[in-house]
1. Given the criterion more than 8 Å from the ligand (Cβ to nearest atom) and either β-branched (V, I, T) or exposed (fewer than 13 other Cβ atoms within 10 Å of the Cβ) (or both), identify the matching residue among T88, T131.
2. Does any residue of region 45-60 turn out to be within 19 Å of T32 (Cβ to Cβ) and either among the polar types (S, T, N, Q) or crowded, with 19+ Cβ neighbours inside 10 Å (or both)?
3. Can you tell me how many residues within region 91-106 are surrounded by 17 or more Cβ atoms within 10 Å (Cβ to Cβ) and more than 19 Å from Y76 (Cα to Cα)?
4. When you check T74 against the structure, is it in the same structural domain as T128 (by TED's automatic domain parsing) and more than 16 Å from the ligand (Cβ to nearest atom), yes or no?
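The values are calculated or read from the model by the stated rules, or taken from the named source; none is laboratory data. Please read all numbers here as calculations on a predicted model, not as lab measurements. Methodologically, a virtual Cβ is constructed for each residue, glycine included, from the backbone with ideal geometry; neighbour enumeration extends over all protein chains shown.
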Amino acid sequence: MERNEFLKMLGTASLMACAGCALESCSSSDPTVPAPPTGVDFTIDLTSSANTALTADGGSIYKNGLVIVRISDTSYIALSQACTHQGTTVAFQPSAGNFLCSNHGSRFSTTGSVINGPAASSLKRYNTELTGTDLRVFS
Ligand code: FES
């Protein structure tokens, strides 16, 4: 192999290795994280034993890819449950009033916005509407 050919091959190999490193470091989110549910429209019966957690402030349940939380007897919130970093299910922390992903420590506000990373994008927020003891959750 000639010296010029060797240097050319070495340069190409180095460039490819650097490109690989750059791509790896730029990927802050796992492409396998499930997309937030779309077309959401379901109703939760608050008198059902399956939904007992929603009878106390700070209580939460998981349903159809969402986490639903009771803030007060007239206020509920619903967010996509998959952390936007790598998809771990987030949990509401009543004492802190926000959502924690236990995998790497991301926190999200009750609107779904990122309080601290490594997650870089918000959880999706859904509408809620309380009618009597029926809680409708919808996009
Ligand atoms: S999966 Fe990494 S912070 Fe949630």
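1. Values: T88 fails: more than 8 Å from the ligand (Cβ to nearest atom).
Answer to the selection: T131.
2. First, the residues of region 45-60 that are within 19 Å of T32 (Cβ to Cβ): none.
No, that holds for no residue.
3. 2
4. Details: in the same structural domain as T128 (by TED's automatic domain parsing): yes; more than 16 Å from the ligand (Cβ to nearest atom): yes.
So T74 passes the test.
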